[in-house]
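First up is the structure itself, then whatever we jot down about it.
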Amino acid sequence: MKKVVMKINGKLHQFVVEPDRVLLDLLREDMLLTGAKQSCDRKGQCGACTAVSYTHLRAHETVLDLVCRLLLEKKKKKRKKG
């Protein structure tokens with residue numbers, strides 16, 4: 001299980017999820033946010049599951065993918081400042 005804190009629609013939310021949990025399921029099932037749709041086979045080919053943040057995230061990604069991407073972006077920002 002992985003603890004994840006995300007800001008969704010302006011509010012901080014904390015989740016404890018399996019690392020392979022799909023972001024689309026978290027948004028639709030746990031948050032009851034049904035704007036992101038599952039349309040293709042969860043590989044993000046059609047773009048219906050796109051969720052928008054300061055970067056574009058695909059809701060077919062797992063929570064672990066999301067955390068890794070955000071950590072990498074944070075490291076890149078620190079390198080640019082330094």
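The values are calculated or read from the model by the stated rules, or taken from the named source; none is laboratory data. None of the values given here were measured: they were computed from a predicted structure. Cβ atoms come from the backbone with ideal geometry, glycine included; neighbour counts cover every protein chain shown.
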Item checked: Neighbours by Cβ (under 9 Å, 6+ apart or cross-chain): first from the stretch 5-24, without any contact (Cβ under 8 Å) to a residue 60 or more places away in the chain and exposed (fewer than 13 other Cβ atoms within 10 Å of the Cβ); second polar (S, T, N, Q) and outside any strand (DSSP E or B) -> Lys7/Ser53
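Give me the strands (runs of 3 or more DSSP E) completely within the chain, filtered to those with at least 1 residues that are at pLDDT 80 or above, ordered by residue number.
2-8, 11-17
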